[in-house]
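Enquirer: Attaching a single structure in structure tokens format; questions to follow.
Any read-out appearing in this document is the output of simple, stated calculations on the displayed coordinates, not a laboratory observation. Since the structure is predicted, the reported quantities are computational estimates derived from the model, not experimental observations. Note: ideal-geometry Cβ built from the backbone for every residue, glycine included; neighbour counts use all protein chains shown.
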Amino acid sequence: MPELPEVETIRRDLDSLIVDRKIIDTKILLPKILRGGVPSRFKTRLKGRRFIGVGRRAKILILFLDSGDCLLVHLKMSGRLVYVSSQVPRERHTHLYFVLDNDYELRFVDPRQFGYLKLVEGGALEDIPEIISLGPEPLASSFLQSDFVRLVEDRIKSRRSLKSFLIDQKFIAGIGNIYADEILHAAGIHPERLLSSLTPAELTELYGTIKFVLNQAIKMRGTTFDRYVDAKGQPGKYLEELQVYGRAGKPCFRCGTILRKERIASRGTNFCPGCQN
DNA sequence: ACGTTGTCCTGTCTGC
DNA sequence: TGCAGACAGGACAACG
């Protein structure tokens, strides 16, 4: 379940690994993972093109090509984008791979088949449906505390829980289930609290905590809880830093209370009934 | 209009 | 031991 920190880790890796590499060929083993557009056009549009940069918006990777086209890659829950030597046998659930000009391949692997690739032919990123509806990037320097406060205050009448708010990409982009739970625990706020109930002090705390937790996770190269790996096939180390996610039934590191897991906003939600109020 | 639920999919875990 | 069923969840459609 790659979220912002995992996708950002892959972005940074790929930016040094595939930029200037030329696509010799594209092998499509499971056509349905291509969103919008037929496989034959996808292949011809990419053949002979070079990667010129790698970007990210929310959990979406953006591979820029020298043709002016770009490739969106969403890993959803179980997707992986790995850069490996062509000599390495392709693992199960490899649905697509690019043959590069240096005897390496960029492979898209996704057991659950929820992820997708989408070729965007020219045009501006802001016009892409997948991107147009996204809220602000929480780590952008332009995302100020006042922006966050306004985001919440605009929905002050909302009956929405904080958990549901944090994982909704149209409010803040890039936070998923793991980091929503970690952020709320770090801020000491109960996931079922309503937006309207937050005090100014709690808003300040939450704003800072969002940035802090995501930045820490990037430093540790993300969380490998299920099978996430970076572009070189290496796991992330933030798993050891997790305070609540996957720890239900164990004592809270902060207050010793036994952690709980409940279904909140249709998601398994881990929290501490002792120190999250 | 808004918030919740169902759907896609496979690997892994639980319980009979 | 074996197998059925539950569960995991990102994002979008459909529903109430």
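Enquirer: Please find, within segment A:156-191, the residue that is nearest to DNA strand B (Cβ to nearest atom) out of those that are surrounded by 21 or more Cβ atoms within 10 Å (Cβ to Cβ) and among the hydroxyl-bearing types (S, T, Y).
Expert: Result: A:S164.
Enquirer: Specify the residue that is nearest to the chain's Cα centre (by Cα); the eligible residues are those in segment A:193-208 that are more than 14 Å from A:I183 (Cα to Cα) and not in a helix (DSSP H, G or I).
Expert: A:L194
Enquirer: Using beta carbons and a limit of 6 Å, which pairs, at least six apart or on different chains, have the first residue in segment A:93-107 and without any contact (Cβ under 8 Å) to a residue 24 or more places away in the chain and charged (D, E, K, R) and the second one surrounded by 20 or more Cβ atoms within 10 Å (Cβ to Cβ) and in a strand (DSSP E or B)?
Expert: The qualifying pairs are A:E105/A:Y97.
Enquirer: Go through segment A:62-77 and give me each residue that's closer than 20 Å to A:K32 by Cα and surrounded by fewer than 18 Cβ atoms within 10 Å (Cβ to Cβ).
Expert: Selection gives A:K76, A:M77.
Enquirer: Just one of (1) surrounded by fewer than 16 Cβ atoms within 10 Å (Cβ to Cβ); (2) in contact (Cβ under 8 Å) with a residue 60 or more places away in the chain trips up A:S197, so point out which.
Expert: Result: A:S197 fails condition (2) only.
Enquirer: While we're on this one: Taking the residues in segment A:266-277 that are in contact with a Cys (Cβ under 7 Å, 6 or more places away or on another chain) and in contact (Cβ under 8 Å) with a residue 24 or more places away in the chain as candidates, determine which candidate is nearest to DNA strand C (Cβ to nearest atom).
Expert: Among them, the one singled out is A:C272.
Enquirer: So, A:Q276, is that one within 16 Å of the chain's Cα centre (by Cα) and over 30 Å from A:E105 (Cβ atoms) or not?
Expert: The answer is no for A:Q276.
Enquirer: List the residue pairs whose Cβ atoms are under 8 Å apart, where the first residue sits in segment A:238-265 and is among the hydroxyl-bearing types (S, T, Y), the second is crowded, with 17+ Cβ neighbours inside 10 Å and assigned to a strand (DSSP E or B), and the two are 6 or more positions apart or on different chains.
Expert: Going by the 8 Å Cβ cut-off, the qualifying pairs are A:Y245/A:N270.
Enquirer: Looking only at segment A:78-92, filter to residues that are more than 19 Å from A:K43 (Cβ to Cβ) and surrounded by 17 or more Cβ atoms within 10 Å (Cβ to Cβ); which one of those is farthest from the chain's Cα centre (by Cα)?
Expert: Checking each candidate, the answer is A:V84.
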